[in-house]
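Working notes for the structure below.
The values are calculated or read from the model by the stated rules, or taken from the named source; none is laboratory data. No experiment lies behind these values; they were computed from the predicted model shown. So basically every Cβ, Gly included, is an ideal-geometry build from the backbone, and we count neighbours across all protein chains shown. To get the accessible areas, we keep the full protein, side chains included, count just its heavy atoms, and leave off ligands, DNA and RNA. Shrake-Rupley method; radii C 1.70, N 1.55, O 1.52, S 1.80 Å.
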Amino acid sequence: MGNICVIGPRNSGKTTYLAGLAYWPDKQRRNHKSSSFSVEANGEAKILEEIAENIICQGESLPPTPIPQNIYDAPLYQFQIKVSTLFKKNEEINLVVRDYPGEVFEELESGFSSELSEEFVNESLKEDIEGCLILLSDWTRDDQYSKMLNKYIDLMDSKSRLNNLRLAVVMSKCERGELWSGRLEAEMDIFAVHLPKTQRVLRENIQPKNLQFYALSTFGVLGKKDPRPNRKDVVGTSGSNAVLRESARWQPYNMIAPLYWLSTGKRI
Ligand SMILES: Nc1nc2c(ncn2[C@@H]2O[C@H](COP(=O)(O)OP(=O)(O)OP(=O)(O)O)[C@@H](O)[C@H]2O)c(=O)[nH]1
Ligand SMILES: [Mg+2]
């Protein structure tokens, strides 16, 4: 059972990603019978499936994740993911995932405004956490991201996790035109180009075996031969919000690969 946490700034797409993951089985039944993956959402993650169906598929945007009273009020989502590719037959990974509100990550730069944020970060560094999925979505925030991650690295060190915690650093919402062509070699074609300080801070401090860069998009594009984003931009309270454009053609891009690596240490 791999315990994973999902962190990242406000609005980076964390909860939408988890909801998309939970909704997976439905999509399998409808259009992806030959898919290499199947995902089952268990326990509290069932709520995410409903959220995907009732909000995302209806073309609406999720509200920001509220800051709970205490960390144990933040739900723990469980997923069972089955992988069956040409080289990996019937592998199964079980994940327990905690979704944090984005403030927790943002405050790494400014200093924690509450004990609660600090508790969240400390929880993400506990011994039973195998890996951390770090979602970043704004390629104009290299300065801030590098500072936040520098602080996170200091905290990893102070909790003796510097050399034994996997970090999957992910550019989310990569269906966007500026990113889509760089998705296959995300480190070289997205991070080194748009977020060079962030990439450097990570490479200088984290052992290569514990660090991978990815790009993913929960919304994806309209089809294999139709690379138009399956996304509609909308004006939101927190700036650049977007919603799913055609739920019948919803096919996320690269959602499982980072989780598989975080959980097993092997590339899919
Ligand atoms: N373009 C695009 N937008 C997305 C994608 N995934 C999520 N979004 C949008 O990004 C916005 C923020 O999504 P959330 O999932 O609420 O982000 P979050 O990281 O959980 O935010 P907090 O809970 O506030 O920390 C919403 O408007 C989503 O619809 C994606 O794959 N592509
Ligand atoms: Mg959220």
Among residues of segment 90-143 being touching a strand residue (DSSP E or B) at 6+ places or on another chain (Cβ under 6 Å) and among the acidic types (D, E), the residue nearest to ligand 1 (Cβ to nearest atom) is D99
Check your understanding: Quick check, is I56 within 11 Å of ligand 1 (Cβ to nearest atom), β-branched (V, I, T) and under 18 Å from the mean Cα position of the chain (by Cα)?
Key -> yes
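Taking only segment 56-67 into account, find how many residues are within 16 Å of ligand 2 (Cβ to nearest atom) and in contact (Cβ under 8 Å) with a residue 40 or more places away in the chain. Spell out the reasoning first.
Narrowing segment 56-67 to residues within 16 Å of ligand 2 (Cβ to nearest atom): 56, 60-67.
Subsequent filtering for residues that are in contact (Cβ under 8 Å) with a residue 40 or more places away in the chain retains 56, 60-62, 64-65, 67.
The number of residues fulfilling the criteria is 7.
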When segment 107-142 is checked residue by residue, the ones that are touching a helix residue (DSSP H, G or I) at 6+ places or on another chain (Cβ under 7 Å) and within 25 Å of A192 (Cα to Cα) are E107, L108, E109, G131, C132, L133, L135, L136, W139, D142
(1) open to solvent by less than 20 Å² (accessible area, probe 1.4 Å); (2) farther than 16 Å from G177 by Cβ all hold for V234 apart from (1)
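For E53, are the conditions met, namely being closer than 22 Å to P252 by Cα, in contact (Cβ under 8 Å) with a residue 12 or more places away in the chain and not in a strand (DSSP E or B)? Talk me through it step by step, then tell me what you get.
Working: closer than 22 Å to P252 by Cα: yes; in contact (Cβ under 8 Å) with a residue 12 or more places away in the chain: yes; not in a strand (DSSP E or B): yes.
Considered against the rule, which asks whether it is closer than 22 Å to P252 by Cα, in contact (Cβ under 8 Å) with a residue 12 or more places away in the chain and not in a strand (DSSP E or B), E53 comes out as yes.
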Expected single match for part of a helix (DSSP H, G or I) and within 27 Å of W261 (Cα to Cα) among K89, K46, K82 is K46
Among the residues of segment 116-140, the number that are more than 16 Å from ligand 2 (Cβ to nearest atom), in a loop (DSSP other than H, G, I, E, B) and not aromatic (F, W, Y) is 5
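Answer yes or no as to whether F219 is closer than 22 Å to R10 by Cβ, of a type in the set (A, V, I, L, M, F, W, C) and in contact with a Lys or Arg (Cβ under 8 Å, 6 or more places away or on another chain).
Details: closer than 22 Å to R10 by Cβ: yes; of a type in the set (A, V, I, L, M, F, W, C): yes; in contact with a Lys or Arg (Cβ under 8 Å, 6 or more places away or on another chain): yes.
For F219, the condition - closer than 22 Å to R10 by Cβ, of a type in the set (A, V, I, L, M, F, W, C) and in contact with a Lys or Arg (Cβ under 8 Å, 6 or more places away or on another chain) - is met.
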Given the conditions (1) in contact (Cβ under 8 Å) with a residue 60 or more places away in the chain; (2) farther than 18 Å from I206 by Cα; (3) polar (S, T, N, Q), every one holds for S124 apart from (2)
Exception for T85 within (1) within 19 Å of the chain's Cα centre (by Cα); (2) at pLDDT below 95 falls at (1)
